[in-house]
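The values are calculated or read from the model by the stated rules, or taken from the named source; none is laboratory data. Predicted model only: the values in this text are computed from it and were never measured. Ideal geometry is used to build each Cβ from the backbone, glycine not excepted, and the neighbour counts take in all protein chains shown. Areas reflect the complete protein model, heavy atoms only, side chains present, ligands, DNA and RNA absent. Shrake-Rupley method; radii C 1.70, N 1.55, O 1.52, S 1.80 Å.
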Amino acid sequence: MIITNVNNEIQNKSLAKDIRFCIEFAKKNENKILSLVNGSYDVGYNNIKMNLGKYFTKSENEKFWESHKKYLDVQIMINGNEKVAISNIRNMEVKSFDSEKDLVILEGEKEFDLVMRTGDVLVFFPNDVHKPELNISETDNSGSIRKIVTKVVFKIEIDKIRMFNK
């Protein structure tokens, strides 16, 4: 797993070319992304797809553990905050795999939580089991738990990832 922010230029320079592309694309196109509707978009580079989600955060029992075999997830928070529960595949039991969606559903114990804020980037590899889209706290001052966020998830095919300027 990689944790960074779209504005962390020093760290981001060391990332694989395709991951850097996703970060720069999201940063340069933030306003356009905010105007789009939920869906999958071709970004015109190395067969990378961008999945856009505008959604309300959920409680942990409303979500499931997931990982992916074929694609890296480059998750970038465009607007809002959410909690992401994290574990490692070695602590999990595989329940199902949908090869068409590249979605592994798992069960097991959480190792820790991260909070994604606007501009934050998480890169998930196949061993990085995650449960995204979670409420940060059970209640806030208004009594509301759910918050609306806008996040993009870029899908980079692992076997075709461009590491450096080739």
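If you go through the stretch 48-60 and keep only what is small (Gly, Ala, Ser) and exposed (fewer than 15 other Cβ atoms within 10 Å of the Cβ), you end up with just Ser59.
Kindly indicate whether Thr4 is open to solvent by less than 40 Å² (accessible area, probe 1.4 Å) and in contact with a helix residue (DSSP H, G or I) (Cβ under 7 Å, 6 or more places away or on another chain). Yes; evaluated as a whole, the condition is true for this residue.
Quick grid of which residues meet (1) touching a Lys or Arg at 6+ places or on another chain (Cβ under 9 Å); (2) among the polar types (S, T, N, Q); (3) open to solvent by less than 80 Å² (accessible area, probe 1.4 Å):
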residue	(1), (2), (3)
Ile10	no, no, no
Phe21	yes, no, yes
Phe25	no, no, yes
Lys28	no, no, no
Ser35	no, yes, no
Gly39	no, no, yes
Asn46	yes, yes, yes
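Determine if the stretch 123-143 includes at least one residue that is acidic (Asp, Glu) and modelled with pLDDT of 90 or more. Taking every residue of the stretch 123-143 in turn, at least one turns out to be acidic (Asp, Glu) and modelled with pLDDT of 90 or more. Screening Asn46, Asn61 for residues that are more than 19 Å from Gly108 (Cβ to Cβ) and modelled with pLDDT under 95 leaves exactly one candidate, Asn46.
Taken over the stretch 32-83, the residue count meeting the criterion of being free of Cβ contacts under 8 Å to residues at least 12 places away in the same chain, out of contact with any strand residue (DSSP E or B) (no Cβ under 8 Å at 6 or more places or on another chain) and farther than 21 Å from Phe97 by Cα is 3.
Checking the condition of a type in the set (A, V, I, L, M), touching a helix residue (DSSP H, G or I) at 6+ places or on another chain (Cβ under 7 Å) and more than 17 Å from Pro126 (Cβ to Cβ), which residue from Ile78, Ile10 passes? Being of a type in the set (A, V, I, L, M), touching a helix residue (DSSP H, G or I) at 6+ places or on another chain (Cβ under 7 Å) and more than 17 Å from Pro126 (Cβ to Cβ) holds for just one of Ile78, Ile10, which is Ile78.
Selection of the stretch 64-113 for residues being open to solvent by 50 Å² or more (accessible area, probe 1.4 Å) and under 23 Å from Phe25 (Cα atoms) yields Lys70, Tyr71, Asn79, Asn81.
Restricting the search to strands (runs of 3 or more DSSP E) fully inside the stretch 41-149 and requiring at least 1 residues that are within 20 Å of Val6 (Cα to Cα) and within 15 Å of the chain's Cα centre (by Cα) gives 49-56, 71-79, 82-88, 112-116, 120-124, 128-134.
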